[in-house]
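The values are calculated or read from the model by the stated rules, or taken from the named source; none is laboratory data. Keep in mind the model is a prediction, meaning the values are calculated, not measured. Note that each Cβ is placed from the backbone with ideal geometry, even for glycine, and that neighbours are counted across all protein chains shown. Please note that ligands, DNA and RNA were not included when accessible areas were found on the heavy atoms of the full protein model with its side chains. Shrake-Rupley method; radii C 1.70, N 1.55, O 1.52, S 1.80 Å.
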Amino acid sequence: MNRHTKVALMVAPFLILGGYIASDFYLENKADQERVFNMVPFGHCDVINQKCILKSGKFEVNIYDEAGTTTLNSTFPLDSATFFLVDSNNQASAYPMGMIDSPYYWKSPTPLRNNISNKGDKQKLRVIAHIKGGQYIAEFHSQTVK
């Protein structure tokens, strides 16, 4: 074995390790960049009767209201979540959501149940969910069916 081969065999592990570390830094930096994704309702949205799923690719958010507390759970852990009730003048009231037990579950007390408690009542809603550098946003209507 000549000296060039020996040097190559000694340097190769360090080059592999350096390349792995550099690619990790690149991918982490790319994940932290600001991006906006639109979520759309999967079928009919009825938040009061726990039938509202919003989707964007593999990311899903389920929103429901129980006894005046609006709850959001997601397929990926969130950094933060904000829920908005929009009135007839298109003015939004923000309700920042707090984490329940894990970053998958968020809740906030809202007057949503009072606004759409009767069958056929409709309410425009907005959601913003943050994951690292990404913002998942949705604007949709919830209509009580039962």
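Between the helical axis of 3-32 and the longest alpha-carbon principal axis of the chain there is an angle of about 10 degrees.
Can you tell me how much longer the chain between Lys30 and Tyr104 gets when fully stretched, taken as 0.36 nm per residue apart minus their C-alpha distance, in nm with one decimal?
Between Lys30 and Tyr104, full extension yields an extra 24.4 nm.
Taking amide hydrogens as placed 1.01 Å from N in the peptide plane, the amide H of Thr144 sits under 5 Å from those of Gly120, Asp121, each at least 5 positions away in sequence or on another chain. Using a 1.4 Å probe on the protein heavy atoms, what percent of the accessible area of the range 24-91 belongs to carbon and sulfur? Of all accessible area on the range 24-91, carbon and sulfur atoms account for 52 percent.
Net charge of the neighbourhood of Val47, taken over other residues with C-beta under 12 Å away and scored Lys/Arg +1, Asp/Glu -1, is 0. Label separation (Thr5 vs Thr75): 5.2 nm, computed from points 7 Å beyond Cα along the C-beta direction. Here each label is just a point 7 Å from Cα along the line to Cβ, and for Ser23 and Ile137 those points are 3.5 nm apart.
Shown here for the range 23-129: chymotrypsin sites (Phe, Trp or Tyr not before Pro) in loop regions (DSSP other than H, G, I, E, B) with at most 14 other Cβ atoms within 10 Å, namely Phe42, Tyr104.
For the range 39-146, the solvent-accessible area of protein heavy atoms averages 52 Å² per residue (probe radius 1.4 Å; ligands and nucleic acids excluded). Remark on Ala138: its backbone amide H falls under 5 Å from those of Met39, Val127, a criterion applied only to residues 5 or more positions apart or on other chains, H modelled at 1.01 Å from N. Label zone of Asn38 (point 7 Å out along Cα→Cβ, amide N under 18 Å): in the range 60-90 this covers 60-61.
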